[in-house]
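One structure below.
Nothing in this text is a laboratory measurement; each read-out follows from the coordinates by a stated rule. Note that this is a predicted model, so its numbers are computed, not measured. Note that each Cβ is placed from the backbone with ideal geometry, even for glycine, and that neighbours are counted across all protein chains shown.
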Amino acid sequence: MKKNGLYSKEEKIFQDESKLYSAHLVKQIAYSTDPRDLGQVAKSVPCQDACPAKTNIPGYIRCINEKRYGRAYELNRGANILPGVLGRICSRPCESACRHGEPDNGASVGICHLKRACADLKSPMHRIIEGLYSPTGKTVAVVGSGPAGLAAAHDLAILGHKAVIFETMEKPGGMLMYGIPEFRLPRDLLMLEINNVLRLGVDLKTSLTIGRDFSLESLRQEYDAVVVATGCMKPRRLGVEGENLKNVFHGLDFMKEINAGQTPRVGKRVVVIGAGFTAVDCARSAVRLGASDVKINIRKTIEYMRIDETEKREALVEGIVTHTLVQPSRILGEEGKVSGIEFVRTRLESIDKPPFRIAVPIKGSEFTIPCDSVIAALGQTPDVADLSPDLSGMDKERYSTDLEGVFATGDFVTGASDVISAIAGGRQCAHGVDEYLTGLSRKKKVVRLESHASTDRLRSYDFIKKLEMNTIDMEPRLEVATNEVETGYTQDQAHEESKRCYLCNLKYEIDPLRCIYCSACIDVAPKDCIKLVETIPLNEDGSYGEYQESSQWDRVVSITIDNHACIRCGQCYAACPMDCISVTKTEMVEIDLDE
Ligand SMILES: Cc1cc2nc3c(=O)[nH]c(=O)nc-3n(C[C@H](O)[C@H](O)[C@H](O)COP(=O)(O)OP(=O)(O)OC[C@H]3O[C@@H](n4cnc5c(N)ncnc54)[C@H](O)[C@@H]3O)c2cc1C
Ligand code: SF4
Ligand code: SF4
Ligand code: SF4
């Protein structure tokens, strides 16, 4: 054993996988608010940084690797109240940021599939962990039971406040219950995770519309604070001739009908217009209603569709065709019913502000196609008619509106977004409300640093191919429209996929005072990850800036590992003859301010 409590060289070089688990006997733990540590974690763990809820992704993937599924679930739940739900339908900004997906590194890790694995594979004896604060005696009305409202109510309950949710629909869940189809999200699982929120003492009052049955003002009188999380409920209209014909559906209304168990008659030939989740869900639902010719029509090209790769692939499997660079100009009808649709072709034009490329209609390029129904899935906007706290003067940090004691969050504030952003917003809003009610800021973010005596990986893991999700065949998809298409990873598959994660939360450092500049580490490094530097400047916020490298030995002041380029292969760690490379586990955690 070394003096500093870490393992000796012989002990830390692992020849086979079984020995990887034996290395956690001695731990040194510290907590830091140093901007250099905060900045390092944000930059070095790009998946976590990209997740709106800042989920500890390498942490839970490592737990899956150790077959600790319950702990993996809790690590997820600490950031997001619905891990099993998000493991199925998350928009996955983390996977786009994953270091494994960078050029020459292969495909990104199946972060979302692994999230589902911890929910699926945890023991039936698993217990939810909640650290409750003492009751404050304060009450908060939450309007809307979508992911944002549920997340706000959950955190308010944890913080000791009495939360009461008001929901216009019969069941809770918002778009999770009435938008997303059951073949992507089973409702028993959704209700199970919603009930884990409600059992904290959150009251749910359904079939009550604020603005009709109660006014916002009456809630303000009765409760100490109000959170508005009513989402985006107003469908965007096509604005073309023929929109009022029979068999023209609006995407969200269409999905609401299906999710209420109805079977709208769409005919055989269905034209869907739109490029987001709703459009693909409508198209896939039309297939299950018996349509044999379903086309999604988009103004731009497929790369601009706001859906993940799995959705694109499954739509293809189900025989759905995507027509690009077209825009509807007229819906044609016979006897009051849809008979076809006229499109105009578009081209992409560059502009100098976001979204940088716009679709421009090409004059004279009109063409028509016959169809039996048209589904306009252009997204939704907030319905502020009955319920309008003024959002123009909103404090985005505290989620407070111009109306004293009224807060707002979720899609209602951001416009149509995604579930993980709504959950993150709901939780942050709860902390804004808590500060308003108690005058206290209870949590702070710190970096937890733990000395680590192994790399937890083998180099061979870097060459494992990404595992695709298992799915059911076409026949059972059509047989029962609600049959879940994806069936999850098996234990073995989850274990194999977990090995692919580089564990970017492990920080590799060289002790320059011990280093003899032999270059052994540089020679074995698979990337341009170990640098000889002149200076490492600090950014204005105190975090590390870009390294200034040098190839002239007389100017080199240090040798350093670039943790943004490092893929945590462990080669340098094993090769160094001076044992001067150390590994530290770094995690962003929230602690109570009085701790
Ligand atoms: C068809 C479809 C598929 C989608 N697929 C995905 C996906 O795969 N992945 C993803 O990340 N995102 C997806 N989204 C987007 C995602 O569902 C939303 O971004 C998210 O649900 C927003 O959460 P929210 O809580 O802000 O609002 P919502 O989920 O819209 O919830 C708002 C709630 O407020 C209630 N409400 C509204 N007005 C009142 C009132 N006056 N009084 C009382 N209650 C009221 C509503 O009934 C609803 O329950 C999809 C959306 C749709 C429509
Ligand atoms: S390799 Fe693992 S820790 Fe690194 S970005 Fe990807 S999922 Fe996150
Ligand atoms: S572990 Fe060492 S050799 Fe491997 S990528 Fe990171 S710095 Fe380079
Ligand atoms: S192998 Fe070790 S001693 Fe040699 S240059 Fe790298 S860190 Fe320094």
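Cα gyration tensor of segment 236-378, axes a ≥ b ≥ c as square roots of the eigenvalues: rounded (a/c below 1.5), prolate (a/b > b/c) or oblate? Taking the square roots of the gyration eigenvalues as a ≥ b ≥ c, segment 236-378 is oblate. Rounded to the nearest 10 degrees, the inclination of helix 35-44 to the longest alpha-carbon principal axis of the chain is 60 degrees. Excluding same-chain neighbours fewer than eight residues apart, the aspartates and glutamates reachable from K171 by a Cα-Cα span under 18 Å are E182, D188, E193, D203, D213, D253, E257. Pairs with C-alpha atoms separated by more than 21 Å, drawn from the list K43/K531; K122/K499; K115/K445, are K115/K445. In segment 205-240, whose amide N lies under 20 Å from the spot 7 Å out along Cα-to-Cβ of E404? List them in ranges. Counting only backbone N, you get 215-228.
Non-local lysine pairs in segment 255-339, meaning eight or more places apart or on different chains, with alpha-carbon distances under 16 Å, amount to 4.
Too long at a 28 Å Cα-Cα cut-off: which of K396/K507; K138/K205; K67/K443; K353/K507? Distance filter (> 28 Å) returns K396/K507; K67/K443; K353/K507.
Dividing the helix sum by the residues of the chain, where each DSSP H run of 4 or more adds -39500 (n - 2.57), gives a mean residue ellipticity at 222 nm of -8000 deg cm²/dmol. Between L513 and T471, the distance separating the two model label sites (each 7 Å from Cα on the Cα→Cβ line) works out to 5.7 nm.
Taking packing as the residue-averaged number of other Cβ atoms within 10 angstrom, the listed peptides 36-49, 258-271 run from highest to lowest as 36-49, 258-271. Using the average count of surrounding beta-carbon atoms within 10 Å as a protection proxy, the listed peptides 224-231, 298-305 rank, highest first, as 224-231, 298-305. Take the Cβ atoms of D104 and K205, set R0 to 45 Å, and the FRET efficiency comes out at 0.25. Cβ crowding within 10 Å, taken as a proxy for footprinting-reagent exposure, orders H495, H250 from fewest neighbours to most as H495, H250. In the chain, the DSSP beta bridges split such that about 60 percent are antiparallel, to the nearest 5. Between S550 and T136, the simple spin-label model (points 7 angstrom out along Cα→Cβ) gives 5.4 nm. Taken about its Cα centre, segment 236-378 carries a charge dipole of roughly 160 debye when the Cβ of each Lys and Arg holds +1 and the Cβ of each Asp and Glu holds -1.
Rounded to the nearest 10 degrees, the angle from helix 187-198 to the longest Cα principal axis of the chain is 70 degrees. A full extension of the chain between K234 and Y31 corresponds to an added length of 68.4 nm, given 0.36 nm per residue minus the alpha carbon distance.
Ordering 541-554, 420-433 by mean Cβ neighbour count within 10 Å, with the highest value first, yields 420-433, 541-554. Taking 0.36 nm per residue of separation and subtracting the Cα-Cα distance, full extension of the segment from R68 to M125 would add 19.2 nm. Here segment 155-232 and segment 96-146 have alpha carbon centers that stand 19 Å from each other.
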